[in-house]
Amino acid sequence: MLTLIHPTAVIHPGAELHPTVQVGAYAVIGERVKIGPDTKIGAHAIIDGLTEIGARNQIFPGAAIGLEPQDLKYEGSPTRVKIGDSNQIREYVTINRATGAGESTTIGNHNLLMAYVHVGHNCAIADRVIIANAVALAGHVKIESQARLSGVLGVHQFVHIGRLSMVGGLSRIDRDVPPYMLVEGNPSRVRAINKVGLQRAGLTEEDLLVLKKTFRILYHSGYTLNQALEQLDLLPENAHLQHLRRFVQQSITKGRRGLIPGKK
């Protein structure tokens, strides 16, 4: 089987493309790029740098992946972009490679990045994340699995966004978004648990009850954060509660951004 490459595409002889890769018109693929089976590259897309893309990805027209980071500290070091399998990367998405030598910008599996999303240097996106149109992720942002980011919002550098959280459109995210929570606004606030998203993800009624109690303890009890964490230890053992508690504890350590607060 021949590689399905449009005659106007420009592909460096050193690039490694599986024979089933499709490449659209006027796409440009650089020397150190590796692309896995059944991936489709749209017209006018640009893929460069030390970029490794897995299987069954669909990269739409105009996307730019693996170009230099928008970081004045970057000195030309060999840095990477690593993308897993079965992702949809829509029109004009930009994914910058990392800044420091040996570092990577990473995207996992089964993610949807809608049009005009920007993924800054050293970001790490896990699995089954949906990021809507015109979302900008600054450098070093980490997004856990199954998070949902609505359109036209900005995320500050070094922010962490927890699993199965939901961020409302037009929000300003300057601190960490706790897992399982619904966050929106400018300034952003934690509004409630992400009930609909959690139900769709298959969480049980018991899980939801524990997370509702957790929300009330963290945001409506009047406890200090340390007191609230002590109260969480008294709740029934639950894997989602453990993950949330661990996220909160890590978020308030030195060098992290801290947590987005609740409504006053």
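Side notes on the structure shown:
- Multiplying the residue separation of residue 224 and residue 43 by 0.36 nm and subtracting their alpha-carbon distance yields 59.8 nm.
- Cα gyration tensor shape for the range 151-264, rounded if a/c is under 1.5, else prolate or oblate: oblate
- Taking θ as phi - 60° and the Karplus parameters 6.51, -1.76 and 1.60, the scalar couplings of the range 183-199 work out to 10, 6, x, 9, x, 6, 9, 6, 9, 5, 6, 7, 4, 4, x, 5, 5 Hz in sequence order, x denoting glycine and proline.
- Heavy-atom SASA rank of 72, 229, 234 (probe 1.4 Å, accessible area, largest first): 72, 234, 229
- The packing ranking of peptides 12-23, 176-187, highest mean first, is 176-187, 12-23, where packing means the average number of other beta carbon atoms within 10 angstrom of each residue.
- Put a plus charge on the Cβ of each Lys and Arg, a minus charge on the Cβ of each Asp and Glu, and nothing anywhere else: the dipole of the chain about its Cα centre is then about 880 debye.
- Amide hydrogen neighbours beyond the local backbone of residue 81, cut-off 5 Å, H modeled: 50, 51, 52, 105
- Pair residue 156, residue 77: separation of 7 Å Cα→Cβ label points (nm): 2.5 nm
- Taking Cβ atoms as reference points and 12 Å as the exclusive limit, the residues near residue 236 contribute a net charge of -3, counting Lys and Arg as +1 and Asp and Glu as -1.
- For the range 44-51, Karplus couplings with θ = phi - 60° (6.51, -1.76, 1.60), whole Hz, Gly/Pro x: 6, 5, 10, 10, 9, x, 6, 10
- Average Cα contact separation per residue, the range 107-152, under 8 Å, 6 or more apart, as relative contact order %: 39 percent
- Relative contact order %, the chain, counting alpha carbon pairs below 8 Å whose residues are six or more apart: 9 percent
- The accessible surface of the range 114-230, taken with every protein chain in place and a 1.4 Å probe, is 52 percent carbon and sulfur.
- Distant-in-sequence amide H partners of residue 192 (H built 1.01 Å from N, under 5 Å): 182
- For the range 54-198, the relative contact order works out to 14 percent when only alpha carbon pairs closer than 8 Å and six or more residues apart are counted.
- Solvent exposure of the chain as accessible area per residue, Å², 1.4 Å probe: 48 Å²
- Scalar couplings 3J(HN,Hα) for the range 106-120, obtained by applying the Karplus form with A = 6.51, B = -1.76, C = 1.60 to θ = phi - 60°, are 10, 9, x, 10, 6, 9, 10, 10, 6, 4, 6, 5, 10, 10, x Hz; x denotes Gly and Pro.
The values are calculated or read from the model by the stated rules, or taken from the named source; none is laboratory data. Keep in mind it's a predicted model, so treat the numbers as computed, not measured. Virtual Cβ from ideal backbone geometry, glycine too; neighbours counted across all protein chains shown. These accessible areas exclude ligands, DNA and RNA; they are computed on the full protein's heavy atoms, side chains included. Shrake-Rupley method; radii C 1.70, N 1.55, O 1.52, S 1.80 Å.
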